[in-house]
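Here's the structure, in structure tokens; my notes come after.
The values are calculated or read from the model by the stated rules, or taken from the named source; none is laboratory data. Small disclaimer: the values here were computed from a predicted structure and weren't measured. Neighbour counts run over all protein chains shown; Cβ positions are idealised from the backbone, glycine included. Ligands, DNA and RNA are stripped out before the accessible areas are found, and what is left, the full protein with its side chains, is counted by its heavy atoms. Shrake-Rupley method; radii C 1.70, N 1.55, O 1.52, S 1.80 Å.
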Amino acid sequence: MNGAHDLGGFDGLGSINPETESEEPVFHAEWEKRAMGLMLATGFLGEWNIDMSRFARERQHPADYLTNSYYETWLVGLEKLLLENNLADAEELATGKMKTPAVDRLVKKRVSPDQVAGILLKGGSADMPTDLPQEFKPGDSVRVKLFTRRAHTRAPQYVRGHVGVIHEYYGSHVFPDESSKGNRIGTHLYNVAFKGSELWETENKTTIHLDLWQDYLEPTC
Amino acid sequence: MGSNHTHHHVHDHTEPPSDPTLRVKALESLLIEKGLVDAATIDTIIDTYENKVGPKNGAKVVARAWTDPEFKKWLLEDATAAIASMGYMGRQGEHMKVVENTDSQHNLVVCTLCSCYPWTVLGLPPVWYKSAPYRARAVSEPQAVLAEFGTVLEDDIDISVWDSTSEVRFLVLPQRPVGTEGWSVEDLELLVSRNSMIGVELAKTPEQIESQS
């Protein structure tokens, strides 16, 4: 979706004002810690994947997206995921009081503290084989299709319609556009290099690399 | 958010958001009451990323690459395996790529679409990395972004910006500072800042370290 999250090349946002590295804490408030921990702990239940989480965060009013801190955005996303997956209803979220207990199937999946290290260490590989032929190889010139997807996609607006060169072939990874709908399908994934001058005429000494799935790409001739 | 009656209104966003402290507290107590999460599990997750997993991991990878040519070769060819061999693997580091700074090439990492970041070697991202101005400008005016971090490159250095649009995570291998010949791996690690592994700064010089202490 062409939302406020798709920020590459957006103008007028001002300076970055980074905190000094040695002085910046990992968290800036107690609630940020709990929000992060809750996001991961509920994610461990397996009711949604990372692409669904991203899509939940993206579906905010652009004004909210741009004014929320990133942990506020996580919180909005988590509330949305809980609602959409019937883990809580709006009244429960507003009051913090349970009306309907969770189903046994989910309670059984609750993660205990001693399981955390193993789960984090295992992670979740995005490798996913496909029977589709690999259409491009390093050195090939490709154009990002001019498409509009009113749903989740990982092809930013700033490269759509632009020409780049395949820099590397990664293999077949889970395709986020489908994964965000719950379909775990593999598609060939490439790193594509774009000249800065192709995207922004003022940037001549820059190359911008993006990871793009085969579905997003077409040959240039 | 959290109420059920106003979300379809166009001007929803103009309502003052409720205090995140209260919202998180309500959410946590609800999910505990439902038996879906355990407060001690949340404590463990927080402790992991506040105290255990952080940029010191990445600094060990970089310092080793500076001193061990075989490891560096492996790191550039198969970063996931090379980094995993040091015990850093798993969530948000499942597919790693290391990009090397040289005399002619500087690398900068961003996630324009969200906040993708190599947690296994750098921990959780700093606020600025997740901020709208960084995400917007790193791809469109990287030199101006670098200048805001006090980083000015020689004119003949090209910049590669890596926008993390897939589950592949990028780590910058900064150049080893001059004047560090013969240094131990442990001393070299002190020169490897988090920001140098994102690419917004260079590794610290011996002089910078001295002036800090």
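When the C-alpha to C-alpha distance is required to be over 18 Å, the pairs from A:Lys109/B:Lys34; A:Lys97/B:Lys25; B:Lys73/B:Lys204; A:Lys33/B:Lys130; A:Lys97/B:Lys34; A:Lys108/B:Lys34 that qualify are B:Lys73/B:Lys204.
Rounded to the nearest whole Hz, the Karplus-based 3J(HN,Hα) values (6.51 cos²θ - 1.76 cosθ + 1.60, θ = phi - 60°) of segment B:137-148 follow the sequence 9, 4, 8, 9, 8, x, 5, 5, 5, 4, 4, 5, with x at glycine and proline. Segment A:29-85 and segment B:39-75 have Cα centres separated by 25 Å. Between the C-alpha center of segment A:152-207 and that of segment B:96-130 there is a gap of 17 Å. Rolling a 1.4 angstrom probe over segment A:7-122 with all protein chains present gives an accessible area of which 53% lies on carbon and sulfur atoms.
Just the ratio, please: alpha-carbon radius of gyration of segment B:51-189 over 2.2 N^0.38 Å, N its number of residues. Walk me through the numbers on the way to the answer.
Working: Rg = 14.9 Å, N = 139, 2.2 N^0.38 = 14.3 Å.
Rounded to two decimals, the normalised Rg is 1.04.
Remark: accessible area buried at the A-B interface is about 7900 Å², both chains counted, probe radius 1.4 Å. Computed about the Cα centre, the dipole magnitude for chain B is approximately 540 debye when only Lys and Arg (+1) and Asp and Glu (-1) carry charge, each at its Cβ.
Along each principal axis, taking the top coordinate minus the bottom one, the Cα set of segment A:141-219 gives 40, 27, 19 Å in descending order. Under 5 Å between amide hydrogens, built in the peptide plane, is the criterion, and for B:Thr165 it picks out A:Asp211 among residues at least 5 positions away or on other chains. Put simply, the amide H of B:His95, placed in the peptide plane, has neighbours under 5 Å in B:Arg169, leaving out anything fewer than 5 places away on its chain.
Comparing B:Ala84, B:Ala138, B:Ala59 in a Gaussian network model of chain B (Cα springs below 10 Å), the most mobile by mean-square fluctuation is B:Ala84. Every pair of different Cα atoms in the protein assembly as shown enters the Kirkwood calculation, which places the hydrodynamic radius at 22.6 Å. Projecting the Cα positions of B:Pro118, B:Ala39, B:Ser104 onto the charge dipole of chain B (unit charges on Cβ atoms of Lys, Arg, Asp and Glu, taken about the Cα centre) puts B:Ala39 furthest along the positive direction. Rg ratio for chain A: its Cα radius of gyration over 2.2 N^0.38 Å, N being its residue count, equals 1.18. Which one of B:Val178, B:Val145, B:Val109 has the biggest mean-square fluctuation once chain B is modelled by GNM with Cα springs under 10 Å? Between B:Val178, B:Val145, B:Val109, it is B:Val178 that shows the largest mean-square fluctuation.
The GNM of chain A, with springs linking C-alpha atoms under 10 angstrom apart, assigns the highest mean-square fluctuation among A:Ser172, A:Ser141, A:Ser22 to A:Ser22.
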